[in-house]
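Worksheet: the structure to be examined is printed underneath.
Bear in mind these aren't lab numbers, they're just calculated from the coordinates by the rules spelled out. What you see is a predicted model, and the numbers here were worked out from it, not measured in a lab. Neighbour counts run over all protein chains shown; Cβ positions are idealised from the backbone, glycine included.
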């Protein structure tokens, strides 16, 4: 079995539109949550979100492309461009040996909403000919492949909020088992629009707190729902020997992947956390286990919903055992970025790679009131200097999807 390493990364997030600024924000505990500016929230229950700020798509595409690309595709292209160009992999492999495994949980919701409005107000002849290609989820990966002539498999993973992790994990397997030599992978999302916020609000998933500092408090007793985020994350994965031979910069090694389904409920996690625990154990075992759990970091799904955080804590204890679970470090970077849905796993994977590489664990900010059901070390409020031998990234999605990734230094 071949080894898989990370040779390039890129992101667009509520706390930074490239990897250096994103990582500095996480280490500083910067909160990217604020009042929604994308639309008037007067009639909405949820008033805050983690919006991308100061994003300039013209750094990554032509002005004529903007009317063709949904915003989630614009974010995807930006993150992918950063990752591909940093990696330097283009031109070192035949095009058919490079794939694109890039997903989204929701896709072109902005385009769908705008064109539905056009249809109702102006009639069917005024609907844009770019409506369908702008809306469909596979277009993010398709556009990336077209830009870079990546002719290997282009597969849009769609597993709700587990999308980013599943895309990365399936790309890992494609390289590990020899189907491809490199894959640009990740996820993107842009669903902070009226119908998106209303839909999540009416299922009672979103926080209705109006103070950004307490709206998203993962693992805290006051948690009351997640805060919607947006953006994209991208990683260039590459077969280890090829990366070494060409002198590539290697951030770290992706060494484990666990994936299961609760098969329990359309939105609620399995109460005992068994599905998540099984996925965690798969990823940990494939990575070769952990000798010292005090040097294990878990970037939790950590949505700040009452059910998720308690169930996820149970899952970690079930998978590791009580003693080991209390030794490891757990944090939720969603406390800073909000929940970026299909992009969450990708940006959180970047945080895991950098935690291992730099020996810094990002914090769970806003943590004040402990919950007896959530009693692990959540790295509260301040980043921690610590040796991290292994980092696990957790993503869970509506439909019962559970996906864990494992990263270590090379």
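Which of 250, 144, 98 ends up with the largest GNM mean-square fluctuation for the chain, with Cα atoms connected below 10 Å?
Top of the fluctuation ranking is 250.
Which one, 214, 195, 106, has the greatest fluctuation when you compute a Gaussian network model over the chain with C-alpha springs under 10 angstrom?
Looking only at 214, 195, 106, the biggest GNM fluctuation is shown by 195.
I'd like to know how segment 98-212 sits against the 2.2 N^0.38 Å rule of thumb: what's its Cα Rg over that expected value? Present the calculation step by step, with values, prior to reporting the outcome.
Values: Rg = 17.2 Å, N = 115, 2.2 N^0.38 = 13.4 Å.
Rounded to two decimals, the normalised Rg is 1.29.
Multiply the residue separation of residue 130 and residue 24 by 0.36 nm, subtract the distance between their alpha-carbon atoms, and state the gained length in nm to one decimal. List each step's numbers first, then the result.
Details: separation 106, 0.36 × 106 = 38.16 nm, distance 3.75 nm.
Roughly 34.4 nm would be gained on extension.
Between segment 335-388 and segment 273-300, how far is it from one alpha carbon centroid to the other, in angstrom?
First find each Cα centre; the distance between them is then 16 Å.
Determine the relative contact order of the chain: mean sequence separation of Cα pairs under 8 Å and six or more apart, normalised by residue count, in whole percent.
Values: 1132 pairs, mean separation 98.4, N = 410.
Reported relative contact order: 24 percent.
When a/c reaches 1.5 or more, the comparison of a/b and b/c decides; with that in mind, is segment 146-241 rounded, prolate or oblate per its Cα gyration tensor? Working shown, then result.
On the way: a/c = 3.18, a/b = 2.33, b/c = 1.37.
Judged from the Cα gyration tensor, segment 146-241 comes out prolate (a/c at least 1.5, a/b above b/c).
What nm distance separates the two modelled labels at residue 113 and residue 264, each placed 7 Å from Cα along Cα→Cβ?
Between residue 113 and residue 264, the label points sit 3.1 nm apart.
Once you sort the root eigenvalues of the Cα gyration tensor of segment 4-245 as a ≥ b ≥ c, which label holds: rounded (a/c under 1.5), prolate (a/b larger than b/c) or oblate (the other case)?
Details: a/c = 2.05, a/b = 1.35, b/c = 1.52.
Cα axes put segment 4-245 in the oblate bin.
Under a plain spin-label model, where a point goes 7 Å from the Cα along Cα-to-Cβ, how far apart in nm are residue 121 and residue 195?
Calculated label separation equals 1.4 nm.
What does the chain give for Rg and for Dmax, in Å, if only its C-alpha atoms count?
According to the Cα coordinates of the chain, Rg and Dmax are 19.8, 64 Å.
For residue 409, put the label point 7 Å out on the Cα→Cβ axis and report which residues of segment 353-381 keep their amide N under 16 Å from it.
Backbone N within reach: 353-362.
Extending each Cα 7 Å along its Cβ direction at residue 59 and residue 179, get the distance between those two points in nm, one decimal.
A separation of 3.3 nm, rounded to one decimal place.
So if we plug the beta-carbon distance of residue 147 and residue 208 into 1/(1 + (r/R0)^6) with R0 = 60 Å, what FRET efficiency do we get, rounded to 0.05? Can you show the working numbers first?
Numbers: r = 40 Å, r/R0 = 0.67.
The calculated FRET efficiency here is 0.90.
Using Cα centres only, tell me the gap between segment 55-132 and segment 218-262 in whole Å.
21
Shape of segment 1-76 from its Cα gyration tensor (a ≥ b ≥ c, root eigenvalues): rounded if a/c is under 1.5, otherwise prolate when a/b > b/c, or oblate? Could you put the intermediate results ahead of the total?
Details: a/c = 2.18, a/b = 1.30, b/c = 1.67.
Judged from the Cα gyration tensor, segment 1-76 comes out oblate (a/c at least 1.5, b/c at or above a/b).
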